[in-house]
Amino acid sequence: MAINLSVNLNKVALLRNSRGHDNPSPKVAARACLDNGAYGVTLHWRHDNRHTRMGDVRDLRAICRERGAEMNLEGDDREELIALAIELDVTQFTLVPVKPGEITSDHGWDLPRQHDQIAPILARLNDRGIRTAIFMDPVPEAMAHAARAGAQRVEIYTEPYAAAWNTPDREREFERLRDTARACVAAGMKVNAGHDLDLRNTPRIARDIPEIIEVSIGHALIADALYLGFAETVRRYARACRGEECDAPTTR
């Protein structure tokens, strides 16, 4: 079974912001993703507007609605973000913990300790018919706590799996990811995954962890597009999500 590919376009917005104009355009990139095999698009809107801005979320939601594609909005528990998700009726909202000064998301919610922080938000979004997911570390025992918090899905943090790809820990981290996905399903939820997935490590997930039904991939895809071209890169990642081995660019 193919995994649904949601392309995170934050890095397109980051590059645009560095120049101060409107090129490259997240809107153009979103259409190219959907034209070349992506299931949907993802944006993580941070409070400092370092890449994605509110206007980008509105623009891409309109494109996804027009195309019948999924719009996955990620972010923390601040009110302006939750209110925007409800206003735009995004397809999926992925609640991600944020710590001051982090370069990128690098940890999941600490449950059950943070249950009271996130459960009301999940209930509010669920009541509006928005699919909810929460970002969690690959810890099988924590999945029951995620279900009790009200999440419909868990996005498993895959950086440990990706970082171990060329190390002796590769099989151990794969098994931890697999066991977490199984525990998630056993707890009554569905499974997403994301962080540092690429053309090398995604096909095995697609082939060997059928519980994972969606991945969000951003940094590696945008980086590969510098060498391969944007449309071709999206097509290769879509094939990787079907379990096909795809040539990856040499970066060293």
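Computed from the coordinates by the stated procedures, all read-outs in this text should not be read as laboratory data. Small disclaimer: the values here were computed from a predicted structure and weren't measured. Please note: Cβ atoms are built from the backbone with ideal geometry, for glycine as well, and neighbour counts cover all protein chains shown.
Annotations
- For region 106-247, the convex hull drawn through the C-alpha positions has a volume of 115 cubic angstrom per residue.
- Gyration tensor (alpha-carbon) shape descriptor, region 21-82, a/c threshold 1.5: oblate
- Cβ crowding within 10 Å, taken as a proxy for footprinting-reagent exposure, orders CYS64, CYS33 from fewest neighbours to most as CYS64, CYS33.
- Proportion of all alpha-carbon pairs of region 50-111 beyond 14 Å (%): 59 percent
- Taking amide hydrogens as placed 1.01 Å from N in the peptide plane, the amide H of THR158 sits under 5 Å from those of GLY194, HIS195, each at least 5 positions away in sequence or on another chain.
- Förster-model FRET efficiency, 30 Å R0, ASP35 and ARG128, C-beta, rounded to 0.05: 0.50
- The Cα center of region 163-203 and the Cα center of region 75-152 differ in position by 19 Å.
- Simple label model, 7 Å out from Cα along Cβ direction - ALA83 to HIS219, nm: 3.2 nm
- For region 178-234: rounded, prolate or oblate by the Cα gyration tensor [a/c cutoff 1.5]: prolate
- Legend: calculated FRET efficiency, LEU226 to ASN166, from the Cβ-Cβ distance at R0 = 25 Å, rounded to 0.05, equals 0.70.
- Over region 204-245, the Kirkwood radius and the radius of gyration, each from Cα atoms, give a ratio Rg/Rh of 1.00.
- Peptides 117-125, 142-150 ordered by average Cβ neighbours within 10 Å, highest first: 142-150, 117-125
- Theoretical ellipticity at 222 nm over the chain - DSSP helices of four or more residues, -39500 (n - 2.57) apiece, nearest 500: -13500 deg cm²/dmol
- Approximate spin-label separation ASN23-ARG67, in nm, with each point projected 7 Å along Cα-to-Cβ: 2.1 nm
- Anisotropy class of region 4-240 from Cα gyration tensor, a/c 1.5 cut: oblate
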